[in-house]
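The values are calculated or read from the model by the stated rules, or taken from the named source; none is laboratory data. The shown structure was predicted, so the numbers you read here are calculated from the model rather than taken from an experiment. All Cβ positions, glycine included, derive from the backbone under ideal geometry; neighbour counts span all protein chains shown.
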Amino acid sequence: MRAEWTKLRTLQSTGWLLLGLAVSTAGIGALTAWSVPTECLAPEAGCREDIARYSLAGVYLGQIAVVVLATLAVTAEYGTQTIKGTLAAEPRRGVVFAAKAGVLIALVAGAGAVGVLGALAAGRPLLIGNGFTTANGYWPLSLGTEPILRAAGGTVLYYLLIALLSYGVGVIVRHTAAALSAVLTALFVLPMLTSLFTGKYAEWILKYSPMTAGLSIQATERLETMLLQPWEGLGLLAAYAGAALLTGAVLFAVRDA
């Protein structure tokens with residue numbers, strides 16, 4: 001663990017990526033909360049805004065930093081071939097695999113939590129100022145409210161699962177550009193394919209896309225209209241991450257460095 005922490009800490013990109021994760025989560029979340037449309041505040045409008053999702057919208061950009069960090073955590077060593085030295089010093093490959101994942105999870109969890117808490121702290125006064133108050137029937141943007149706690153905690157879990165998914169893919173392909181392309185395509189391109197299809201095919205793609213499934217955990221309004229319920233969607237993302245980790249772990253154990 002100390003060795004893996006040292007290696008990841010000394011990558012020049014690590015600090016910037018963690019800072020980008022926290023700042024983009026909080027900053028874009030605050031900006032989006034400030035710009036929430038107020039039309040639904042009128043009783044006759046018959047609609048409601050999901051203020052939790054607006055406030056946590058920074059996840060869409062923040063996850064890119066997570067993908068890059070998690071990928072570099074493994075592919076940087078393959079690029080420089082220092083992985084051979086790592087495995088010579090610690091031949092137990094399962095220990096190396098787990099240590100890399102553990103350090104990655106700790107860093108992403110810390111930066112992600114800071115970003116999410118910052119988004120809630122910045123978004124709450126902005127939303128109240130725009131009229132999204134308990135008097136108008138809206139949840140207070142507070143961790144003391146169960147739906148908001150689920151959305152906020154689920155966003156941090158989403159970051160962790162994206163990190164593990166990216167880490168697993170990085171171990172499988174062992175090449176930075178290829179791993180980044182694979183994960184970012186799965187996250188961002190798959191949902192875009194819905195514009196090429198109609199009916200049940202578009203719905204199926206949207207339902208099982210990793211990002212749209214995982215981010216259903218943020219929903220606090222109109223849950224009955226969702227393709228997947230919040231925990232179901234996050235569970236599907238966990239299955240994707242688990243499959244990538246399992247495949248990566250097997251390949252890491254059996255093939256040459």
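List of remarks:
- Only one of the numbered conditions (1) at pLDDT 95 or above; (2) buried (at least 16 other Cβ atoms within 10 Å of the Cβ) is not met by Thr145, and that is (1).
- Taken over region 40-60, the criterion of being under 17 Å from Ile128 (Cα atoms), touching a residue at least 40 places away in the same chain (Cβ under 8 Å) and in a helix (DSSP H, G or I) is satisfied by Leu41, Ile51, Ala52, Arg53, Tyr54, Ser55.
- Residue within region 20-39 that is in a helix (DSSP H, G or I) and closer than 27 Å to Thr247 by Cβ present: yes
- Taking every residue in region 100-128 that is closer than 22 Å to Val171 by Cβ and in contact (Cβ under 8 Å) with a residue 60 or more places away in the chain and pairing it with any residue that is of a type in the set (Asp, Glu) and assigned to a helix (DSSP H, G or I), at least 6 positions away or on another chain, the pairs with Cβ-Cβ distances below 8 Å are Lys100/Glu4; Gly102/Glu4; Val103/Glu4.
- In the condition set (1) within 27 Å of the chain's Cα centre (by Cα); (2) surrounded by 13 or more Cβ atoms within 10 Å (Cβ to Cβ); (3) closer than 22 Å to Thr247 by Cβ, Gly154 is compliant with all but (3).
- Answer from Val116, Val103 - the residue that is part of a helix (DSSP H, G or I), within 24 Å of the chain's Cα centre (by Cα) and under 30 Å from Thr247 (Cα atoms): Val103
- When restricted to residues that are without any contact (Cβ under 8 Å) to a residue 12 or more places away in the chain, of a type outside the set (Ser, Thr, Tyr) and either within 23 Å of Leu223 (Cα to Cα) or touching a Gly at 6+ places or on another chain (Cβ under 6 Å) (or both), region 129-152 contains 4.
- Count of residues meeting criterion [among the aliphatic types (A, V, I, L, M) and either surrounded by fewer than 18 Cβ atoms within 10 Å (Cβ to Cβ) or modelled with pLDDT of 90 or more (or both)] in region 132-142: 1
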